[in-house]
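Remarks on the structure that follows.
The values are calculated or read from the model by the stated rules, or taken from the named source; none is laboratory data. Everything quoted here is computed from the prediction, not taken from an experiment. Ideal geometry is used to build each Cβ from the backbone, glycine not excepted, and the neighbour counts take in all protein chains shown.
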Amino acid sequence: MTTDIDLKRAVRAATTADLDLAELGDAVSRRAADAGLLDLAYAEIDSPLGPLLAVSTPAGLVHLGYPNRPRDAQLEQLAERISPRIVEAPGRLDEVRRELDEYFAGRRHDFGLALDWQLTAGFVRAVLERTAAIPFGETRTYGEVAAAAGSPRAFRAAGRALGANPIPIVVPCHRVLRSGGALGGYGGGLDVKRELLTLEGVL
Amino acid sequence: MNAPRATTPFQSLIEAHAVAVAAFLRGMLPADDVDDVLQETLVAALRAYPGFDGASPRAWLLTIARRKAIDEHRARSRRPEALAEPDAIAASPAAEGPDAALWERVAALPPKQRAAVVLRFALDLRYREVGEALGCSEAAARRNVHEAVRALRATDPTTDIEEESA
């Protein structure tokens, strides 16, 4: 007599097997990238500051998130602002991981990564592009960065622009301080700013 | 008002539903084809995802998986070597015993009944969702499962037929 219970057991036995989600994600992201469908690839990258959420588009690194914001909230915001075609694909972030590892080990002063600036526009983008040019181990004031971006009196707006930096560390907004030398603010938390400046020998 | 659209990162669909889609495909295809068709399913879903309305993601993925399984089956039956394996669509678990014997009879069901049985018994889907995944009504989904169960009881070599509530 074939009962529902027999049937369930037999069907489950034939259809259940281990599934390696990481392996599946890698295979899917490879095929998706080949088909031009991988709008956003992400990976968590270990760092002395905790796990960083690195996200790239085909154009380059578009977002680097600190652990003080929930990962899912960051991804959902990117889904809305850029595309919901987001796949965890650590292999696509290998270069980012390598350069960040070298930076934290003190072996890299300049990043060579391709950046995707699409989350920024206007004055914010101008401020961040100027900030990207501040050399390792040096600092600027908010006023100096505002001036470099074309609006010397807009130091408060410059502060907000730096607070909206989607690619911290690589775009080194931690190198921008108040004119008296006070740290100012930082999206990843002031402890993180202090740690980065210490790593760079500023503090 | 804007048309509803997907705002959930696609990765969360993979994490929530890939196991179910894989189980469904194992029920529909030879074991060797499952990985490839699972990947094809997810890539096709990723392609369509920005237009997806966000409702019933599992049923949506299973619908795509079913189409991909049918494509694979057709492609296979066009290949000459498929003539030598008429039962190409029948997955066969390695184990022997009563489960394996019963599964062989499930595998011999018409594809739609078999799909309905797998969705219902492997994934515990409600008939409404079975219907969504099969592209038919809830009533038709129920009928497919009941007919399959009746056929399995009729071909059960061990006992006589007895109706039971599903």
TODO: Mind telling me which of the residues B:151, B:116 ends up being more than 9 Å from chain A (Cβ to nearest Cβ) and at pLDDT below 95?
DONE: B:151
Open item on the list: Among the residues in the range B:16-26, are any at pLDDT 95 or above, facing another protein chain (nearest Cβ under 9 Å), within 19 Å of residue A:84 (Cβ to Cβ) and not in a loop (DSSP other than H, G, I, E, B)?
Closed with: yes
TODO: Output yes when any residue across the range A:129-140 is over 23 Å from residue A:109 (Cα atoms) and surrounded by fewer than 22 Cβ atoms within 10 Å (Cβ to Cβ), and no when none is.
DONE: no
Task: the range B:51-73, residues that are under 19 Å from residue B:6 (Cβ atoms) and hydrophobic (A, V, I, L, M, F, W, C) - done: B:52, B:55, B:59, B:60, B:61, B:62, B:64, B:65
TODO: Go through the residues of the range A:78-98 one by one and say whether even a single one is more than 14 Å from every other protein chain (Cβ to nearest Cβ), modelled with pLDDT of 95 or more and touching a strand residue (DSSP E or B) at 6+ places or on another chain (Cβ under 7 Å).
DONE: yes
Task: Residue check, residue A:183 under 19 Å from residue A:122 (Cβ atoms) and hydrophobic (A, V, I, L, M, F, W, C) - done: no
TODO: Considering only the range B:117-154, state which residues are within 15 Å of residue B:23 (Cα to Cα) and surrounded by fewer than 21 Cβ atoms within 10 Å (Cβ to Cβ).
DONE: B:124
Open item on the list: Any residue that is in contact (Cβ under 8 Å) with a residue 12 or more places away in the chain, farther than 17 Å from residue A:117 by Cβ and surrounded by 19 or more Cβ atoms within 10 Å (Cβ to Cβ) - is there at least one of those in the range A:54-63?
Closed with: no
TODO: Looking only at the range A:32-53, count how many residues are facing chain B (nearest Cβ under 7 Å) and crowded, with 17+ Cβ neighbours inside 10 Å.
DONE: 2
- [ ] Residue by residue through the range A:41-68, note down the ones that are part of a strand (DSSP E or B) and among the acidic types (Asp, Glu).
- [x] A:44
Open item on the list: Considering only residues that are of a type in the set (D, E, K, R) and part of a helix (DSSP H, G or I), which ones fall in the range B:32-54?
Closed with: B:32, B:33, B:35, B:36, B:40, B:47
- [ ] Answer with yes or no whether residue A:22 is within 11 Å of another protein chain (Cβ to nearest Cβ) and crowded, with 18+ Cβ neighbours inside 10 Å.
- [x] no
